[in-house]
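Written below as structure tokens is the structure these notes are about.
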Amino acid sequence: MRRLYDVIVVGAGSMGMAAGYQLARRGVKTLLIDAFDPPHGNGSHHGETRLIRHAYSGGPTYVNLALRADRLWTELEEESGEELLVRSGVLNISDPAVYRYEERFQDAANHGVAVESLNAAEMRKRWPGLRLPDSYQAMYEPNAGFLYSERCIAAYRKLALRAGAELVTNRVVTGIEPGDGIVAVATKEETFFASHVIVSAGAWFGAFASLIDLPIRAVRKVVGWFEPEDRSFDAGAFPGFTFGTTRGGYYGFPSIGGAGVKIGRHDGGVPWKLGEDPAPFGHYPEDEADLRQALSLLAPAAAGNLLRGGVCKYELTPDEDFILDVHPEHPNVLLAGGFSGHGFKFSSVVGELLANRIEQGEWGQDIRLFSTGRFTAGDPIKEATIQG
């Protein structure tokens, strides 16, 4: 006898686990399938922390989503009893030759987001460990901070299962076949059936090219934790940060419990192919060297011994906006991918949007920016963006 569900979620990482929780708590019979055992170290969610900001680049769509995501994270904290979100503040620093914050200040004002404009002297006074050229500027968000990413997924998993969701781990999905009102999801061991399917496969989206071929490019990324000279870089004293320079864009975190100042690079990365094991941290000399030079430019006293390094994956779209849409030919297949290295903070609201679309037939927010149609000629949203 075949096993029939209301919804099958293929890929129970950041977005998938959040969707599974949202669906199960609404009484929807839900199965989550993952190739690993989430939270795990094979995807895009590990490495302990992720920034959450609200005066977000990309305009009102992202700002609205960030504010709703924040509310949902605080609700998850309350329901789970776990500390998930730390409001450390986030300091967005840039060389003005690379990036200026005028539009984000305006978006912040329009949405009631608290922000401060700081010059280099003001930053150095507030955080004495910073060593910045006088031309540098910043936008500081005092109510932003960081999420404990693996704790978040573990909390969603626990609550989803408590609400009645089923989870199959260490099971690779080998095929997704939409039919007449029913979708078949095949693994080597068993085939499952559902009225709806959510595909949230992260860097593995290419495995389902026969279902839909999306322009998602997976790359290997690295992060490193460096030993600071003193306690001025500890969490509680130093904020999360982003750092835009002519050499690249970086992000980082204060030292949490003595773990070291964590820094990663947003742009760049080595292409990753399905079936390959990404090279470990240190395989390329630039793994450490690139991160060290950026941290040395920002705060030399934080760039001490490398305590450890890590490897993760980004799954990039050409414009680095997300893909969140209904399959163009199969209305009972939802697509959630291409989160381009900045999606984790939004996973709480993405899970809600996916559940809304299945349960109510509407997303609940304007997410036309994330349509798959933007990758085809003549898409009105993309043309309006180009013209404007």
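Bear in mind these aren't lab numbers, they're just calculated from the coordinates by the rules spelled out. It should be emphasised that the depicted structure is a prediction, and the values quoted were computed from it without experimental measurement. Here the Cβ is made from the backbone with ideal geometry for all residues, glycine too, and neighbour counts use every protein chain on show.
If you place +1 on the Cβ of every Lys and Arg, -1 on the Cβ of every Asp and Glu, and leave all else neutral, what size is the dipole of the stretch 34-186 about its Cα centre, to the nearest 20 Debye?
Numbers: 16 positive and 22 negative charges, 92 e Å.
Charge dipole, the stretch 34-186, about its Cα centre: 440 debye, nearest 20.
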For the chain, share of DSSP beta bridges that run antiparallel, in % to the nearest 5: 70 percent
Over 25 Å (Cα to Cα) - which of 262/313; 221/262; 158/262; 29/221 fall in this group: 158/262; 29/221
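Enter the per residue convex hull volume of the stretch 45-193, computed from alpha-carbon coordinates, in Å³ rounded to the nearest integer. Present the calculation step by step, with values, prior to reporting the outcome.
Details: hull volume 27.8 nm³, N = 149.
Hull volume normalised by residue count: 187 Å³.
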Residue 266 long-range amide H proximity, modeled H, under 5 Å: 249, 250, 251
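Return the loop-located GluC sites (Glu not before Pro) in the stretch 293-383 (DSSP other than H, G, I, E, B) with at most 12 other Cβ atoms within 10 Å of their own Cβ; answer none if there are none. Numbers along the way, then the final one.
Details: sites: 315, 320, 329, 352, 359, 362, 383; in loops: 320, 329, 362.
Answer in residue order: 329, 362.
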For the stretch 124-135, Karplus couplings with θ = phi - 60° (6.51, -1.76, 1.60), whole Hz, Gly/Pro x: 5, 5, 6, 10, x, x, 6, 10, 10, x, 4, 6
Phi-based couplings in Hz for the stretch 2-8 (Karplus 6.51, -1.76, 1.60; Gly and Pro marked x): 6, 8, 10, 10, 6, 9, 10
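What order, most packed first, do the peptides 198-205, 284-291, 15-22, 76-83 have when packing is the mean number of other Cβ atoms within 10 Å of each residue? Provide the component values of the computation, followed by the final result.
Working: 198-205: 26.6, 284-291: 16.4, 15-22: 30.2, 76-83: 13.5.
Per-residue mean Cβ counts within 10 Å order the peptides as 15-22, 198-205, 284-291, 76-83.
Trypsin sites (Lys or Arg not before Pro), restricted to the stretch 286-336: which are DSSP loop and have at most 16 other Cβ atoms within 10 Å? Each step should come with its number before you reach the end.
Numbers: sites: 292, 308, 313; in loops: none.
Those that pass, being in a loop and sparsely packed, number zero.
Under a Cβ-only charge scheme (Lys and Arg +1, Asp and Glu -1), can you give me the dipole magnitude of the stretch 229-388 about the Cα centre, in debye to the nearest 20?
Numbers: 13 positive and 22 negative charges, 71 e Å.
Value, rounded to 20: 340 debye.
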Contour minus Cα-Cα distance for residue 283 and residue 83 (0.36 nm per residue): 68.6 nm
Protection proxy ranking, peptides 158-165, 114-121, average beta carbon neighbours within 10 Å, highest first: 158-165, 114-121
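Using only alpha carbon positions, build the gyration tensor of the stretch 68-126, then give the equivalent ellipsoid semi-axes as the square roots of 5 times its eigenvalues, largest first, whole angstrom. All intermediate terms of the calculation are to be shown ahead of the outcome.
On the way: eigenvalues 170, 49, 18 Å².
Equivalent ellipsoid semi-axes, largest first: 29, 16, 10 Å.
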Which of 331, 120, 88, positive extreme of dipole for the chain (C-beta unit charges): 88
Sequence-distant residues sharing a close amide H with residue 52 (under 5 Å, placed H): 145, 146, 147
Quarter of Cα convex hull surface for the stretch 1-109, i.e. mean projection, nm²: 9.9 nm²
Relative contact order of the chain, pairs being alpha-carbon contacts under 8 Å that are 6 or more residues apart, as %: 22 percent
